[in-house]
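Right, one structure below, let's go through it.
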Amino acid sequence: MGNSKSSLDFKNDGVRAMKNSSSEELDSYYPVRPECLADVPKTRFKARVGKTLSERRWKAAFSKDGYLDIAGVLRRIQRGGIHPSIKGAAWEFLLGCFDPESTFVERNQLRQQRREQYAAWKSECQKIVPVIGSGKFITSAIVSNDGQPITSDYGQPIASDDGQPIASDDGQPIASDDGQPIASDDGQPIECVTSTSNSHDNSDAMPADSGDFDKKVLQWKLSLHQIGLDVVRTDRTLVFYENEANQAKLWDVLSVYAWMDKDIGYVQGMSDICSPMVILLENEADAYWCFERAMRRLRENFKCSTDSIGVQSQLSTLAQIVKTVDPKLHQHLEELDGGEYLFAFRMLMVLFRREFSFVDSLYLWEVMWAMEYNPNIYSSYDDKRQPLLSELLYDDKPNDKHKLKEYGKFERNNLKTGAEPNSALSVFLVASVLETKHRRLMKEAKGLDDVVEILGEISGNLDARKALDEALKVHKKYLKQAKKS
């Protein structure tokens, strides 16, 4: 017993660890390439003793069997975010991958089942495009819109339709004179100067099925090079993506997701959402499921048609909010032909990834997810009836104070006021940013370009904690005003 630590000793250890992480640069968990340091926004987030969810607090939140005190965890996250050392594990609960009322054994079984499921889906994709899972990825189109392999002016395929680079007679991939793959920055094939290669035989690459399956395969193949181009651009300032294997991991996850989500497939912007999961969760399958859960929240934003964009619904909600809480600003924006609020498209599409440093954007996301947390989220995702998500989330409203603590602040406000749960906190965050810029927008904005320029100045200058507090204020103000009208 003489060597055992008291609870006070453990507490002091935790405080010392948090103080160390407060004084160190948390950017060291996600190092930036030296040549890019001047180009990235300054990180404002710092772990705070007694507020940030530490590794010690996280472990203490589980019972002996593995049940998680989600109310205590939410309280910590909403006050100070999550320490980087446990961020990935905590995100899995915030996004509904796991039920807080499950045991360690139950979660391990579920995790294994999901890993096996992902492996099966990935294997299915590999049979069609073998480069998947190879540690490589593609950035040039492998098929044309009519399903034919892309060829050079000499009639030779630039890439086979299984995604493998076409080799010349000496076994080397065909490349331009500077050694680069034959694809321009926008993914279009560059003229091939010389080529003596023969097309690979891909008779076994695509199943013999026809009809809808063939269409699905074609649409998916058409998206693969765009995913590759976006992978190259995504978080390219981070040292993590200097490793091609890590880029390939992101490409694999997005490619498998595009294969499985037959309604949406892949849309630009998804890589910005997926990248943090790939960085935080070492196992590729775990990263996939975390991304898949995040997309449950966001996928409507990525639905596009010939006459509308997916995020249009949130933009319309944003317009209604601003019209309610700041009618003069709304009228001014309408006079500038900005009543559709398209200038806020990017903020909502990729959840402020461009407005914050990598560390601060992760902090913003986790605090938002904690504030929006609904304890029914896990069961709603596993419901086989597939009704509207909002119906499932609010099907079992709490009637005691203890249960109410298992909801985030934002959700509690909705429950207490009886508000329709049709708006994400991110929409109120954009509204709060507009409200804080009210004076400048009213005085200086003479056109939409001015609006974009003024809002663009918030990049690197916005405090995530203060911004979320303002968003909650706008939310309460909106609910109050809406109730009167």
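The values are calculated or read from the model by the stated rules, or taken from the named source; none is laboratory data. Quick caveat: nothing in here was measured; it's all calculated off a predicted structure. Virtual Cβ from ideal backbone geometry, glycine too; neighbours counted across all protein chains shown. Protein only, heavy atoms only, side chains kept; ligands, DNA and RNA dropped before computing areas. Shrake-Rupley method; radii C 1.70, N 1.55, O 1.52, S 1.80 Å.
One table, with the values for the structure above:
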| read-out | value |
| --- | --- |
| Among residues of the stretch 455-485, those that are open to solvent by less than 30 Å² (accessible area, probe 1.4 Å) and without any contact (Cβ under 8 Å) to a residue 60 or more places away in the chain, counted | 1 |
| The stretch 428-480: number of residues that are in a helix (DSSP H, G or I), hydrophobic (A, V, I, L, M, F, W, C) and farther than 16 Å from M347 by Cβ | 3 |
| Failed item in (1) surrounded by fewer than 14 Cβ atoms within 10 Å (Cβ to Cβ); (2) over 23 Å from L280 (Cβ atoms), with E124 passing the rest | (1) |
| Residue, nearest to W91 (Cα to Cα), within the stretch 32-60, restricted to residues that are among the aliphatic types (A, V, I, L, M) and not in a helix (DSSP H, G or I) | L53 |
| Test: residue in the stretch 211-230 that is surrounded by fewer than 17 Cβ atoms within 10 Å (Cβ to Cβ), modelled with pLDDT under 95 and assigned to a loop (DSSP other than H, G, I, E, B) | yes |
| Boolean, S275 is surrounded by fewer than 20 Cβ atoms within 10 Å (Cβ to Cβ), in contact (Cβ under 8 Å) with a residue 12 or more places away in the chain, assigned to a helix (DSSP H, G or I) and not aromatic (F, W, Y) | no |
| Sole exception among (1) touching a helix residue (DSSP H, G or I) at 6+ places or on another chain (Cβ under 7 Å); (2) within 21 Å of L348 (Cβ to Cβ) for W259, by number | (2) |
| Selected residue (criterion: surrounded by the most Cβ atoms within 10 Å (Cβ to Cβ)) from residues of the stretch 415-427 that are part of a helix (DSSP H, G or I) and touching a residue at least 40 places away in the same chain (Cβ under 8 Å) | V427 |
| Subset tally (residues that are outside any helix (DSSP H, G or I) and within 21 Å of E470 (Cβ to Cβ)) for the stretch 61-87 | 1 |
| Residue within the stretch 239-249 that is farther than 17 Å from I132 by Cβ, open to solvent by less than 50 Å² (accessible area, probe 1.4 Å), of a type outside the set (V, I, T) and modelled with pLDDT of 95 or more present | yes |
| All positions within the stretch 56-113 that are on the phi > 0 side of the Ramachandran plot and buried (at least 21 other Cβ atoms within 10 Å of the Cβ) | G81, G96 |
| Hits in the stretch 438-485 - residues which are modelled with pLDDT under 90 and acidic (D, E) | E457, D463 |
| Given (1) of a type in the set (A, V, I, L, M); (2) more than 23 Å from I377 (Cα to Cα); (3) open to solvent by less than 20 Å² (accessible area, probe 1.4 Å), number of the condition I309 does not satisfy | (3) |
| Enumeration of residues in the stretch 320-353 that are touching a Lys or Arg at 6+ places or on another chain (Cβ under 6 Å) and either aliphatic (A, V, I, L, M) or not in a helix (DSSP H, G or I) (or both) | V325 |
